[in-house]
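The values are calculated or read from the model by the stated rules, or taken from the named source; none is laboratory data. Quantities reported herein were computed from a predicted structural model and do not represent experimental measurements. Here Cβ is always computed from backbone atoms with ideal geometry, including for glycine, and neighbour counts include all displayed protein chains. Side chains are part of the model used for accessible areas, which takes the heavy atoms of the whole protein and leaves out ligands, DNA and RNA. Shrake-Rupley method; radii C 1.70, N 1.55, O 1.52, S 1.80 Å.
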Amino acid sequence: MEVTKDIFFEHETSISNENWKVDLSYESSNAKTKKLELNENIPIIQVTSENFYTAIKIDATDNKGSMKSCILSGIDGSFILFSKSKGENQYQSVLINNDNLILSLGFTLISIDLKTLNINWKIRPDVAEVFEFYEFEKDILLRGELGIHRIDLKGNIKWTFSARDIWVNTNGKKEVEIEKNAIRLFDWESNEYLIDFNGKIIEDKPFRVKNETQKKWWIWKK
């Protein structure tokens with residue numbers, strides 16, 4: 001999926017497993033054209049109690065060809081819907097686990113039962129927004145703005161790890177890297193952390209300016 005300015009306002013994606021094919025259409029209040037209509041013909045699921053326009057249409061087709069649809073509405077925050085990336089440390093914002101659809105939506109992580117199109121659970125694990133997640137030892141490792149969260153597939157938060165700064169890095173460092181026996185993390189300031197799979201710190205390496213040019217850039221940036 002190509003990341004453009006308009007992708008934050010409207011986009012579509014699909015994901016499938018052996019039992020389901022799910023087509024997702026996202027539309028915000030800033031979309032150029034309004035294609036999604038909130039009407040009585042399609043069930044509407046409110047993600048929050050607020051009346052945000054932002055909506056996602058879910059078309060879920062089972063392996064027998066039967067399709068059902070619903071619309072998620074009342075979604076706050078910015079996000080891009082995308083399935084698993086390629087290569088190592090595969091991350092995503094959309095996952096089908098058995099008969100459940102898991103979505104990272106702005107401030108909310110939500111699970112939808114594809115058989116009934118009802119909410120299994122929804123949580124807001126971070127005080128700010130949440131981004132992509134990784135499949136991790138039968139759980140999910142979710143990158144939030146302020147916390148790295150290990151969450152089981154029933155929506156229970158097992159642990160949260162926070163750092164000196166937010167989990168967004170603009171210096172080319174990958175914020176989350178799952179290694180063989182540990183998780184390597186970089187925050188906004190490029191402070192480096194190594195934690196174990198229980199969220200306990202192994203190494204903490206504060207960022208160090210290496211030369212005068214980098215120091216001037218760092219001071220300007222701050």
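Please report the carbon-and-sulfur percent of the accessible area for the chain; probe 1.4 Å, protein heavy atoms only, DNA, RNA and ligands left out. Numbers along the way, then the final one.
Values: 5830 of 12110 Å².
Carbon with sulfur: 48 percent of the solvent-accessible area.
Restricting attention to the range 27-128, the count of lysine pairs at 8 or more positions apart or across chains with alpha carbons under 17 Å apart stands at 7.
Per the Kirkwood definition applied to all pairs of different Cα atoms, how many angstroms is the hydrodynamic radius of the chain? The partial results should precede the final answer.
Details: mean 1/r = 0.0532 Å⁻¹.
Result for the chain, one decimal place: 18.8 Å.
Given +1 at the Cβ of Lys and Arg, -1 at the Cβ of Asp and Glu and no other charges, the dipole of the chain around its Cα centre is 540 debye to the nearest 20. For the range 20-156, the solvent-accessible area works out to 46 Å² per residue, with a probe of 1.4 Å and every protein chain left in place.
Mind checking the angle between helix 212-221 and the chain's longest principal axis? C-alpha axes, 0 to 90 degrees, to the nearest 10. On a 0 to 90 degree scale, this one is about 40.
For the range 56-68, 3J(HN,Hα) computed residue by residue from phi via the Karplus equation (6.51, -1.76, 1.60; θ = phi - 60°) reads 10, 8, 10, 10, 10, 10, 7, 6, 9, x, 7, 10, 9 Hz, glycine and proline entered as x.
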